[in-house]
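The values are calculated or read from the model by the stated rules, or taken from the named source; none is laboratory data. Given the structure is predicted, the values throughout are model-derived calculations rather than measurements. We place every Cβ from the backbone using ideal geometry, glycine too, and count neighbours over all the protein chains shown.
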Amino acid sequence: MKLTNALSVLVDLSYAFRVAFLPTLRDILHAPLLVFRPVQLSRLFMAHVWVFIGNTTDECYSSVKSGLLPDAHGVVLEIGAGRGHNIRYLDKTKVAKYVALEPNTRMHSEIRKAAAEVGFTEDAGTFVLLPYGAEETGLINSALGGPHTIDTIFSILTFCSVPNFENSIRPLVDQVLKPGGTLLFFEHVRSRRADVFWWQRFWTPIWAKVFDGCELGRPVDTIIEGLDMWERKEVTGIEGEDPETLFVHSIGRLTKVSTAA
Ligand SMILES: C[S@@+](CC[C@H](N)C(=O)[O-])C[C@H]1O[C@@H](n2cnc3c(N)ncnc32)[C@H](O)[C@@H]1O
């Protein structure tokens, strides 16, 4: 593996610090106790970073999203909506309601704005914004009025940050998604190459601290595929993606079995 690939995250880290250090410092000066709350601090930093990296990432992967997200239908739940970049890829004629899950409340105003731009609003009952993590299935279901209310769950570059993913994905699919519902994802995943995976593991302790828990080599695709709840599953990569990249991606479309568990 080329050293430039192995060290590529240093470029991303240095960019992130350049754009987010000062705004984060300003927040700390306003609320000094933040220095004792590393999780909150990382979340704050991430909110500042995503102002810049969110746009570039969206541009970079817009063709993948355009091929995936128009499949979302009915009541749609986005996991980790960020700054609302993904809403405009939905086919509005197929979506009855858009529910955004975003634990980072710093991003909420942007999600609300992006949703309103395509016509999803709380007033019209077509938009709901929940400040929870994907692992908080109980809270999600209480807010939605009970289990099995969602026709489509989708996640774009977010499952990498959900704590204890191996255990939290099951209740999300089992209890929130309707029988016969769809899960769509586009995620960076564990590399199948041992040398690349070694570097993914090497960088994760630093990367996760800076980027709100994001784990570089998490086998999101394998974990999801391994759930025994699918009637249909299609998981692919990005054609022509550099096999040496630390950010190797996976695209998934899965249908839950039609009978309730
Ligand atoms: C890399 S950003 C991607 C944002 C958005 N999906 C996009 O494509 O622009 C990861 C997002 O996951 C959110 N996140 C972090 N932990 C989460 C959790 N436990 N559950 C749901 N979302 C989470 C972050 O706040 C952030 O908005």
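Residue pairs whose Cβ atoms lie under 7 Å apart, separated by 6 or more positions or on different chains, with the first residue in the range 14-39 and within 22 Å of Phe52 (Cα to Cα) and assigned to a helix (DSSP H, G or I) and the second among the hydroxyl-bearing types (Ser, Thr, Tyr) and at pLDDT 95 or above, do not occur. Against the conditions (1) under 17 Å from the mean Cα position of the chain (by Cα); (2) within 16 Å of the ligand (Cβ to nearest atom); (3) over 23 Å from Tyr132 (Cβ atoms), Pro219 satisfies every one except (2). Out of the residues in the range 52-69 that are closer than 11 Å to His85 by Cα and of a type in the set (Val, Ile, Thr), state the one that is farthest from the ligand (Cβ to nearest atom). Checking each candidate, the answer is Thr56.
Residues of the range 94-132 that are surrounded by 14 or more Cβ atoms within 10 Å (Cβ to Cβ) and hydroxyl-bearing (Ser, Thr, Tyr): Tyr98, Thr126, Tyr132.
Restricting Phe197, Phe185 to residues that are of a type in the set (Phe, Trp, Tyr) and within 13 Å of the ligand (Cβ to nearest atom) narrows the list to Phe185.
Screening Lys209 against (1) basic (Lys, Arg); (2) away from the ligand (no atom under 16 Å from the Cβ); (3) closer than 30 Å to Val19 by Cα leaves a single unmet condition, (2). Checked against (1) touching a strand residue (DSSP E or B) at 6+ places or on another chain (Cβ under 9 Å); (2) surrounded by 15 or more Cβ atoms within 10 Å (Cβ to Cβ); (3) not in a loop (DSSP other than H, G, I, E, B), Trp50 meets all criteria but (1).
Rundown of residues vs (1) modelled with pLDDT of 95 or more; (2) crowded, with 17+ Cβ neighbours inside 10 Å; (3) in contact with a strand residue (DSSP E or B) (Cβ under 9 Å, 6 or more places away or on another chain), yes/no style:
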{"residue": "Phe197", "(1), (2), (3)": "yes, yes, no"}
{"residue": "Pro205", "(1), (2), (3)": "yes, no, no"}
{"residue": "Arg232", "(1), (2), (3)": "yes, no, yes"}
{"residue": "Val235", "(1), (2), (3)": "yes, no, yes"}
{"residue": "Ile251", "(1), (2), (3)": "yes, yes, yes"}
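Cβ separations smaller than 9 Å between residues 6+ apart or across chains give the following pairs from the range 223-246 residues that are over 24 Å from Gln200 (Cα atoms) and in contact (Cβ under 8 Å) with a residue 12 or more places away in the chain to residues that are exposed (fewer than 11 other Cβ atoms within 10 Å of the Cβ) and small (Gly, Ala, Ser): Glu231/Ser258.
Within the range 236-253, if we keep just the residues that are of a type in the set (A, V, I, L, M, F, W, C) and more than 17 Å from the chain's Cα centre (by Cα), the residue that is nearest to Arg193 (Cα to Cα) turns out to be Leu246. For the range 173-187, a residue qualifies if it is surrounded by 21 or more Cβ atoms within 10 Å (Cβ to Cβ) and farther than 22 Å from Thr236 by Cβ, and exactly one does: Val176.
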